[in-house]
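Peer 1: Have a look at the structure that comes next, please.
Please treat every number below as a calculation from the coordinates, not as lab data. Quick caveat, the model's predicted, so the values are computed rather than measured. Here Cβ is always computed from backbone atoms with ideal geometry, including for glycine, and neighbour counts include all displayed protein chains.
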Amino acid sequence: MKLPYNINYPAIEDLRERARQRVPGFAFEYLEGGCNENINLHKNIAELREVELKPYYLNQYVGTDMKTELFGHVYDAPFGISPIGLQGLVWPNAPEILAKAAVKHNIPFILSTVSTASIEKISELTEGKFWFQLYHPAEESLRDDLLDRAQAAGCEVLVLLSDVPTFGFRPHDIRNGLAMPPRMTLRNMLQILGSPTWALSTLYYGQPGFANMKKYMDKSLNMKQLGLYMNKTFSGRLSEERVKLIRDKWKGKLILKGVASEEDTEKCIKLGLDGIIVSNHGGRQLDAGESSVKSLEPIVER
């Protein structure tokens, strides 16, 4: 009989600890860390764990089914894989691996604009069954080209990112040399040597980069110039007017990610959006904000 869990990793914490052992410290902290003092990151975890279930043990049991219909598609579970920037730093080919897993298990997969796999590559692996998260660029021509590429790739759900008006302040990344330009320290080198599988895989697949942005970048940019380019390119914070323009242009489903208030939810409804993702970006942007589950409660009630 096949067990419903991996005997070596029966709990999420077991998987987290295994990842900590296999991935260099700077890459693991990039994935797991929040911003500033990690206050909101810890609130996300603590306040989600305060949610309680109320059992009714004497009611008739009719079985369980986690299938969920969303935007005309029936998924096998009510959750999916969130977008992550620079995924290939955590593990080589991470977005490709996760996209294939999402299709296999019939759950949503969201590709970030600043991931290490291109729209076209993920479309090929998923046969167009993916969602795309747009970091709104400052230039309309770049925005339109990214939207055209996503549409041509068969993407049916576009996710607009609203909760990154500017890049967050993450001390752990700065200490680890993951600022722009990055610094390779002796500490980082020792961490890489202590993660031989990660190191050999990275050597084989090559240094991760911003695959979706490759066609727009000057190939002569050095790392310092790349940092300035990314900051300048994605300084186009969202506004109601910009959302309206995208709503008119995008023919598929449109979602706003990063909603944290009833007021913004009302605006999303008036703008004709198809859905929202209540999120505080994993506590990676605003340290003094509410946890996502605390923001969710009044929105759902209203």
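Peer 1: Can you list residues from other chains, or at least 5 along the same chain, whose modelled amide H is less than 5 Å from the amide H of Leu178?
Peer 2: Arg183
Peer 1: Dividing the alpha-carbon radius of gyration of segment 20-136 by 2.2 N^0.38 Å (N being the number of residues), what value is obtained? Present the calculation step by step, with values, prior to reporting the outcome.
Peer 2: Numbers: Rg = 17.7 Å, N = 117, 2.2 N^0.38 = 13.4 Å.
My calculation over the Cα atoms of segment 20-136 gives 1.32.
Peer 1: Another one. Starting at 0 and stepping by 10 Å, how many percent of the alpha carbon pairs of segment 1-77 end up in each bin?
Peer 2: 12, 22, 37, 24, 5, 0
Peer 1: Using the Cα centre of segment 1-153 as origin and beta-carbon charges of +1 (Lys, Arg) and -1 (Asp, Glu), tell me which of Gly85, Ala138, Pro10 is placed farthest towards the positive end of the dipole.
Peer 2: The residue sitting most towards the positive pole is Pro10.
Peer 1: Given H placed 1.01 Å from N in the peptide plane, which residues other than close sequence neighbours of Ile277 have an amide H under 5 Å from its amide H?
Peer 2: Leu256, Lys257, Gly258, Val259
Peer 1: Sort 12-24, 47-59, 153-165, 98-110 by packing, meaning the average of other beta carbons within 10 Å per residue, with the highest value first.
Peer 2: Working: 12-24: 13.5, 47-59: 7.6, 153-165: 20.7, 98-110: 17.6.
Packing proxy ranking, top to bottom: 153-165, 98-110, 12-24, 47-59.
Peer 1: Once amide H atoms are placed 1.01 Å from N in the peptide plane, what residues at a sequence separation of 5 or more from Ile81, or on another chain, have their amide H within under 5 Å of its amide H?
Peer 2: Hits under the 5 Å cutoff: Phe109, Ile110.
Peer 1: Using the alpha-carbon centroid of each, what span in Å lies between segment 1-21 and segment 59-138?
Peer 2: The distance from the Cα centre of segment 1-21 to that of segment 59-138 comes to 21 Å.
Peer 1: For the chain, give me the percentage of DSSP beta bridges that are antiparallel, rounded to the nearest 5 percent.
Peer 2: Roughly 20 percent of the beta bridges in the chain run antiparallel, per DSSP.
Peer 1: Under a Cβ-only charge scheme (Lys and Arg +1, Asp and Glu -1), can you give me the dipole magnitude of segment 113-171 about the Cα centre, in debye to the nearest 20?
Peer 2: Once rounded to the nearest 20, the dipole reads 280 debye.
Peer 1: Also: What is the Cα convex hull volume of segment 37-88 when expressed per residue in Å³?
Peer 2: For segment 37-88, the hull spanned by Cα atoms encloses 166 Å³ per residue.
Peer 1: Quick one: the Cα spread of segment 177-302 along its three principal axes, in angstroms, biggest first?
Peer 2: Extents along the principal axes, in whole Å: 53, 34, 25.
Peer 1: Grab the Cα-Cα distance for Phe79 and Ile7, subtract it from 0.36 nm times how many residues apart they are, and report the gain in nm with one decimal.
Peer 2: Details: separation 72, 0.36 × 72 = 25.92 nm, distance 2.32 nm.
So the chain would gain 23.6 nm between Phe79 and Ile7.
Peer 1: Shape of segment 126-173 from its Cα gyration tensor (a ≥ b ≥ c, root eigenvalues): rounded if a/c is under 1.5, otherwise prolate when a/b > b/c, or oblate?
Peer 2: Cα axes put segment 126-173 in the oblate bin.
Peer 1: Averaging over every viewing direction, what projected area does the convex hull of the Cα atoms of segment 76-170 cover, in nm²?
Peer 2: Averaging across all directions leaves 6.6 nm² for the Cα convex hull.
Peer 1: Mind grabbing the base-10 log of I(q)/I(0) for the chain at q = 0.07 Å⁻¹? Debye formula, identical points on the C-alpha positions, no solvent, two decimal places.
Peer 2: Ignoring solvent entirely, the Cα scatterers give -0.29.
Peer 1: Ordered by packing density, taken as the mean number of other Cβ atoms within 10 Å over each peptide's residues, highest first, how do 118-131, 73-86 rank?
Peer 2: 118-131, 73-86
Peer 1: Within 10 Å, count the other beta carbons around each residue, average over each peptide in 225-232, 253-260, 29-36, 272-279, and list them highest first.
Peer 2: Most protected by this proxy first, the peptides run 253-260, 29-36, 272-279, 225-232.
Peer 1: Roughly how many Å is it from the Cα centre of segment 139-208 to that of segment 247-280, as a whole number?
Peer 2: Segment 139-208 and segment 247-280 have Cα centres separated by 25 Å.
Peer 1: Lysines within cross-link reach of Lys267: Cα-Cα under 21 Å, excluding same-chain residues under 8 positions apart?
Peer 2: By straight Cα distance, Lys267 reaches Lys244, Lys249, Lys251, Lys253, Lys257, Lys294.
Peer 1: Right, here's the next one. Could you give log10 I(q)/I(0) at q = 0.17 Å⁻¹ for segment 233-302, computed by the Debye formula over C-alpha point scatterers of equal weight, without solvent?
Peer 2: Relative scattering, expressed as log10 I(q)/I(0), comes to -0.68.
Peer 1: Here's something else I'd like to know. What is the dipole size for segment 101-239, taken about its Cα centre, with +1 at each Lys and Arg Cβ and -1 at each Asp and Glu Cβ, in debye to the nearest 20?
Peer 2: Charge dipole, segment 101-239, about its Cα centre: 660 debye, nearest 20.
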